[in-house]
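Enquirer: Okay, here's the structure, questions in a sec.
The values are calculated or read from the model by the stated rules, or taken from the named source; none is laboratory data. None of these values were measured; they are calculated from a predicted model. Reconstructed Cβ throughout: ideal geometry from the backbone, glycine too, with neighbour counts over all protein chains shown.
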Amino acid sequence: MTTPAVLLPLSRQTEGFHIPAGVHYLNCAYMSPLLREVEEAGIEGLRLKRRPFDTTPDDFFRDSDRLREAFATLVGAADPARVAIVPSVSYGITAAARNLVPDEGSRIVILGEQFPSNVYPWRRLASDRRLELVTVDPPTVSGSRGEAWNEALLDAIDHSTSVIALPQYHWMDGTRFDLETVGRRAREVGAALIIDGTQSVGAAPFDLEAIGPDALVCAGYKWLLGPYSISLAWYGSRFDEGAPLEETWISRLGSDDFRRVAEYRDDYRPAAARYDMGERSNFILVPMQLAAIRQILEWTPERIQDYCRNITRGPLAEAASLGVSVEDEAWRGAHLFGLRLPVGVDPARLVPELEARSITVSLRGSAVRVAPHVYNGEEDLQELLEAIRSTLA
Ligand SMILES: Cc1ncc(COP(=O)(O)O)c(C=O)c1O
């Protein structure tokens, strides 16, 4: 038996990115910067079109399948054929919503201020099938808001629940939701569990086997470090006989034999391939996303999370002394969290200081959302603290 290699903690990764000195980019939750090797994969893909005579039918499948494999490995999915290549989260979630047939009068549970791509498809389903859409807002409590929010979520799930649609970490302030517990509860009541993993998969561990969702959809351009307009979606067996949003030829069985694609057939390639978008073999986006996930697999989400925890711990302790609060470490991301300024201070007051110091974060609701990655160092957080200090002075 071989002993698994122990991975050393990650060090700061600046070489692979193009972030100019003096720029404090703390906003991967908005959009990741491009890794050099991902950019090169895209350029290579673009150049391939110079040589159509070198593009073989195999090129339409090879990288797409490698991408399914890389994403499956990342989320701990046993079967890469369950991974579909889609353009966006809204597309991937809509495909799930269109293929669920909940009993009339049953309930869909979502969270307050959830990202709209994981809300609008449920509003449509609720209105089409006369379902109740239950929104679980964060309770007002004196202790951990994240813990109380998780409790409120579990309390909202009962035998009348047919769908639970959630993120792993809330996009606005990084509140963590305990999906393993929610998954167990979903199975107890027979509800479908649909996850938008966009704000965590890639930067935090995601254990698909342990959570047991029915679908997981992730946009590529944030924590998956990929380009815009490609997303990955895993669909469980509940969706095996479903109808895709697009009836593509390439998702049909035997589509790799280009001479015979006009011998129309109704059966699809196995598992989730039917949910692929049209022209999913995109020769630019697919190799870019593949290169990005391969790099993440090398770094590992665990080490990315640890790295972010290490560079933020000191500055966050200091922030507390300025009256700035943050969720308990157990109930938020190390890669994604919201700072709340002292009562009565409008976060918008920070903007001139942020601009003057070339700091990029996002203001989301009442939170200053901070989203570091391995290209950041503690000094980026220190600069943010300085901006807050000057604003509060
Ligand atoms: C949680 C979450 N989901 C999804 C998206 C993107 O959705 P779409 O791919 O539908 O544009 C974002 C973008 O900010 C997000 O924060």
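Enquirer: Out of the stretch 1-59, which residues are in a helix (DSSP H, G or I) and among the hydrophobic types (A, V, I, L, M, F, W, C)? Talk me through it step by step, then tell me what you get.
Expert: Quick first cut of the stretch 1-59, residues in a helix (DSSP H, G or I) only: 36-48, 52-54, 57-59.
Hits for the stretch 1-59 are Val38, Ala41, Ile43, Leu46, Leu48, Phe53.
Enquirer: Something else now. For the stretch 340-360, give me the residue count where each residue is exposed (fewer than 12 other Cβ atoms within 10 Å of the Cβ), without any contact (Cβ under 8 Å) to a residue 24 or more places away in the chain and over 17 Å from Val23 (Cβ atoms).
Expert: 4
Enquirer: Another one. Residues Ser117, Ser90, Ser106: which one is hydroxyl-bearing (Ser, Thr, Tyr) and more than 18 Å from Ser229 (Cβ to Cβ)? Working first, answer last.
Expert: Details: Ser117 fails: more than 18 Å from Ser229 (Cβ to Cβ); Ser90 fails: more than 18 Å from Ser229 (Cβ to Cβ).
The conditions single out Ser106.
Enquirer: Take the stretch 112-146 and flag every residue that is within 16 Å of the ligand (Cβ to nearest atom), in a helix (DSSP H, G or I) and touching a residue at least 60 places away in the same chain (Cβ under 8 Å).
Expert: Ser117, Asn118
Enquirer: Restricting attention to the stretch 186-218, which residues are surrounded by fewer than 24 Cβ atoms within 10 Å (Cβ to Cβ) and either within 16 Å of the ligand (Cβ to nearest atom) or hydroxyl-bearing (Ser, Thr, Tyr) (or both)?
Expert: Ala204, Phe206
Enquirer: Can you pull out every residue in the stretch 82-96 that is more than 9 Å from the ligand (Cβ to nearest atom), within 19 Å of Ile211 (Cα to Cα) and assigned to a helix (DSSP H, G or I)?
Expert: If the condition is that a residue be more than 9 Å from the ligand (Cβ to nearest atom), within 19 Å of Ile211 (Cα to Cα) and assigned to a helix (DSSP H, G or I), then Arg82, Ala96 are the ones that fit.
Enquirer: Going through Tyr235, Tyr221 one at a time, which residue ends up being within 16 Å of the ligand (Cβ to nearest atom), at pLDDT 95 or above and under 20 Å from Gly92 (Cβ atoms)? Don't jump to the end; show me each part of the working.
Expert: On the way: Tyr235 fails: within 16 Å of the ligand (Cβ to nearest atom).
Selected residue: Tyr221, the only one of Tyr235, Tyr221 that is within 16 Å of the ligand (Cβ to nearest atom), at pLDDT 95 or above and under 20 Å from Gly92 (Cβ atoms).
Enquirer: Suppose the filter is surrounded by 12 or more Cβ atoms within 10 Å (Cβ to Cβ), at pLDDT 95 or above, within 15 Å of Val86 (Cβ to Cβ) and of a type in the set (S, T, N, Q); does Gln289 pass it? Lay out the reasoning, then the answer.
Expert: On the way: surrounded by 12 or more Cβ atoms within 10 Å (Cβ to Cβ): yes; at pLDDT 95 or above: yes; within 15 Å of Val86 (Cβ to Cβ): yes; of a type in the set (S, T, N, Q): yes.
Here the answer is yes, as Gln289 does meet what is asked.
Enquirer: Which count do you get for residues in the stretch 154-172 that are closer than 20 Å to Ser200 by Cβ and more than 16 Å from the ligand (Cβ to nearest atom)? Write out each step before concluding.
Expert: First, the residues of the stretch 154-172 that are closer than 20 Å to Ser200 by Cβ: 154, 164-172.
Now drop any that are not more than 16 Å from the ligand (Cβ to nearest atom), which leaves 154.
The total comes to 1.
Enquirer: Go through the residues of the stretch 311-325 one by one and say whether even a single one is over 30 Å from Glu44 (Cβ atoms), outside any helix (DSSP H, G or I) and among the hydrophobic types (A, V, I, L, M, F, W, C).
Expert: First pass over the stretch 311-325, keeping only residues over 30 Å from Glu44 (Cβ atoms): 311-325.
Among the residues that remain, those that are also outside any helix (DSSP H, G or I) are: 322-325.
Restricting the remaining residues to those that are among the hydrophobic types (A, V, I, L, M, F, W, C) gives 322, 324.
Yes: the stretch 311-325 contains one or more residues that are over 30 Å from Glu44 (Cβ atoms), outside any helix (DSSP H, G or I) and among the hydrophobic types (A, V, I, L, M, F, W, C).
Enquirer: Do we have Gly42 as on the phi > 0 side of the Ramachandran plot and either modelled with pLDDT of 95 or more or in the same structural domain as Gly226 (by TED's automatic domain parsing) (or both) here? First the steps, then the outcome.
Expert: Working: on the phi > 0 side of the Ramachandran plot: no; either modelled with pLDDT of 95 or more or in the same structural domain as Gly226 (by TED's automatic domain parsing) (or both): yes.
When the stated conditions are applied, Gly42 does not pass them.
Enquirer: Scan (1) more than 16 Å from the ligand (Cβ to nearest atom); (2) surrounded by 18 or more Cβ atoms within 10 Å (Cβ to Cβ); (3) in a loop (DSSP other than H, G, I, E, B) for the single condition Leu74 breaks and write down its number.
Expert: It is condition (3) that Leu74 fails.
Enquirer: Consider Thr248 carefully, then state whether it is part of a loop (DSSP other than H, G, I, E, B), within 13 Å of the ligand (Cβ to nearest atom) and of a type in the set (Ser, Thr, Tyr).
Expert: Details: part of a loop (DSSP other than H, G, I, E, B): yes; within 13 Å of the ligand (Cβ to nearest atom): no; of a type in the set (Ser, Thr, Tyr): yes.
No, not satisfied.
Enquirer: A further question follows. Suppose the filter is within 26 Å of Gly365 (Cα to Cα), away from the ligand (no atom under 16 Å from the Cβ), at pLDDT below 95 and not basic (Lys, Arg); does Val109 pass it?
Expert: Numbers: within 26 Å of Gly365 (Cα to Cα): yes; away from the ligand (no atom under 16 Å from the Cβ): yes; at pLDDT below 95: no; not basic (Lys, Arg): yes.
Answer is no for this residue.
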